[in-house]
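Chemist: Quick one: the structure is below, and I'll ask about it shortly.
The values are calculated or read from the model by the stated rules, or taken from the named source; none is laboratory data. Just so we're clear, the structure is a prediction, and the values are computed from it rather than from any experiment. A quick note on method: Cβ atoms are made from the backbone with ideal geometry, for glycine too, and the neighbour counts reach across all protein chains shown. What goes into the accessible areas is simple: the full protein's heavy atoms, side chains included, and nothing from ligands, DNA or RNA. Shrake-Rupley method; radii C 1.70, N 1.55, O 1.52, S 1.80 Å.
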Amino acid sequence: QVQLVESGGGLVQPGGSRRLSCAASGMIFRFNTMGWYRQAPGKERELVARLNSIGIIRYADSVKGRFPISRDNAKNTLYLQMNELKPEDTAVYYCNVDPPFRDWGQGTQVTVSS
């Protein structure tokens, strides 16, 4: 059974930084394209960054240059370093494969506010 557990969210001021982590189990992590998704209130869930098994990365325009994605295959963990945070980055952040599994983790809330 696949499990995806996100952590690292919280309240941060505009311009600040936060690092999210996603621990994956029940899957062969290193072979999968992994992605970070987010869902803001009243909006659909969107893919913001993805990283495939050979290191190719793609970002949504809204986070390009601010949210580097990385992975540690030895730890089955995906990361999202969030820099220069803006209020519009406020959302619940999830990790999943791309395209995503049907089931999602609980996500981690990131709130950007002064």
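Chemist: Just to verify a result, which residue in the range 89-100, among those that are within 16 Å of LEU47 (Cβ to Cβ) and out of contact with any Leu (no Cβ under 8 Å at 6 or more places or on another chain), is most open to solvent (accessible area, probe 1.4 Å)? Let's see the steps before the verdict.
Modeler: Restricting attention to the range 89-100, the residues satisfying the condition of being within 16 Å of LEU47 (Cβ to Cβ) are 89, 91-100.
Adding the requirement that they be out of contact with any Leu (no Cβ under 8 Å at 6 or more places or on another chain) leaves 89, 91-92, 97, 99-100.
Working: ASP89: 2, ALA91: 1, VAL92: 33, VAL97: 7, PRO99: 102, PRO100: 62 Å².
Looking at residues that are within 16 Å of LEU47 (Cβ to Cβ) and out of contact with any Leu (no Cβ under 8 Å at 6 or more places or on another chain), I get PRO99.
Chemist: Check VAL2 against each of (1) touching a residue at least 24 places away in the same chain (Cβ under 8 Å); (2) open to solvent by less than 40 Å² (accessible area, probe 1.4 Å) and name the one condition it does not meet.
Modeler: (2)
Chemist: Please work out if GLY16 is farther than 30 Å from GLN1 by Cβ, at pLDDT 95 or above, open to solvent by less than 60 Å² (accessible area, probe 1.4 Å) and in a loop (DSSP other than H, G, I, E, B).
Modeler: Details: farther than 30 Å from GLN1 by Cβ: yes; at pLDDT 95 or above: yes; open to solvent by less than 60 Å² (accessible area, probe 1.4 Å): yes; in a loop (DSSP other than H, G, I, E, B): yes.
When the stated conditions are applied, GLY16 passes them.
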